[in-house]
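Data block below; observations after.
The values are calculated or read from the model by the stated rules, or taken from the named source; none is laboratory data. Worth saying up front: this structure is predicted, and the values here are computed from it rather than measured. Don't worry about glycine lacking a Cβ; one is built from the backbone with ideal geometry, like all the others, and counts go over all protein chains shown. Areas reflect the complete protein model, heavy atoms only, side chains present, ligands, DNA and RNA absent. Shrake-Rupley method; radii C 1.70, N 1.55, O 1.52, S 1.80 Å.
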Amino acid sequence: MLTILFDGVAYGMLLFVLACGLAVTLGLMNFVNLAHGAFAMAGGYLTVVLMGSYGVSFYLCLPLAFLVTALLGALFERTLYRHLYAKSHLEQVLFSIGLAFMAVSGVDYFMGARQQIVQLPPSLQGRIEIFGAGIGVYRLFIIVVCTLILIGLQLVLTRTRFGSQLRAAVDDGRVARGLGINIGRVFALTFAVGSGLAGLGGALGAELLTLDPTFPLRFMIYFLIVVTVGGTTSITGPFLASLILGIADVAGKYYFPQIGAFIIYAVTVALLLWRPYGLISREGAK
């Protein structure tokens, strides 16, 4: 039971890193980006190529995946996404899901449809005993890295000048511009960080998750579930939702293999019936 709990926490942490970029762009920027999973896939494939073809260390691939996908996200934001900020959510959905299908087709053409394998370094292989439970070193590494990311994000959003500028730009763009805040630069940097975190999650979970061209479409529903259940007014809600759903998914597939994939949807429905605006939200608190 402890092993299943630990694996569920690791999986939930990974879901949070993969989805928190969408939580930021959807919750703080009010932009629906269904192509978010494409940036995660880009980070995973970048790791595969760097390790397989150039012998780059897995540890070095993680920051490289973040930087490359962040730059890619900034490029897309400046050239494509910024023209859709004032559009309806339906237009944003149609445009971004079209990009997701283009990414799937492009990766399938250049990399093939086969599942990609990542060989972890020896230091991340094997298991250790904690309180009598067998704990995978790789999953422990995921938990540590994701915890540091959560703390860093929380500090940036609540304790820095940039976090204050972002909240002001979202709440009232006209007033923020009047105060001298460069909204375009704030949104571009926010989108870049969200895309970079998705790429980092894709690289970090390349061995744990199934990496193939359909990755953005298969995990799109998971990202949306995390954001919907957690709420869009903070990153604490998506973090709690990721943990709950990760543990429920792993435990359900272990104890009820015949209906294991259904458990996460049942938990989602139950949580939304209890907190229709998300676990942590201004509306839900009223």
Would you please give the FRET efficiency between LEU60 and THR158, computed as 1/(1 + (r/R0)^6) with r the Cβ-Cβ distance and R0 = 35 Å, to the nearest 0.05?
-> 0.70
Per residue, accessible area of region 1-148 with a 1.4 Å probe, heavy atoms of protein chains only, in Å², comes to 48
Order these peptides, 100-111, 193-204, by their mean beta-carbon neighbour count within 10 angstrom, highest first.
-> 193-204, 100-111
The chain, relative contact order in percent, only Cα pairs under 8 angstrom and at least six apart counted = 37
Nonlocal amide H pairs with LEU34, under 5 Å, H built at 1.01 Å = SER96, ILE97
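What percentage of the solvent-accessible surface of the chain, computed with a 1.4 Å probe over protein heavy atoms, is contributed by carbon and sulfur atoms?
In the chain, the share of accessible area belonging to carbon and sulfur is 68 percent.
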Based on the Cα coordinates of region 1-126, what is the per residue volume of their convex hull in Å³?
-> 142
What spacing in nm lies between the two simple spin-label points modelled at LEU5 and ASN30, each 7 Å away from Cα in the Cβ direction?
-> 4.2
Expressed in angstrom and ordered largest first, the alpha-carbon extents of region 197-286 along the principal axes are 42, 32, 18
What whole-number value in cubic angstrom gives the convex hull volume per residue for the C-alpha atoms of region 112-269?
-> 160
So how much accessible area does ILE117 have, in Å² to the nearest 10, using a 1.4 Å probe?
-> 130
Where a ≥ b ≥ c are root eigenvalues of the Cα gyration tensor, a/c under 1.5 meaning rounded, otherwise prolate if a/b exceeds b/c and oblate otherwise, region 103-155 counts as oblate
Taking Cα atoms only, helix 137-159 is inclined relative to the longest principal axis of the chain by an angle, in degrees rounded to 10, of 20
May I ask for log10 I(q)/I(0) of the chain at q = 0.07 Å⁻¹, from a Debye sum over the Cα atoms as equal point scatterers with solvent left out?
-> -0.25
For the chain, what does -39500 (n - 2.57) per DSSP helix run (n ≥ 4), summed and divided by total residues, give at 222 nm, in deg cm²/dmol to the nearest 500?
-> -24000 deg cm²/dmol
Cα gyration tensor category, rounded, prolate or oblate, for region 78-199 with a/c compared to 1.5 | oblate
Over region 2-76, volume per residue of the alpha carbon convex hull, in Å³ = 112
Helix 161-171 versus the longest principal axis of the chain: what angle, 0 to 90°, nearest 10, using Cα atoms?
-> 70
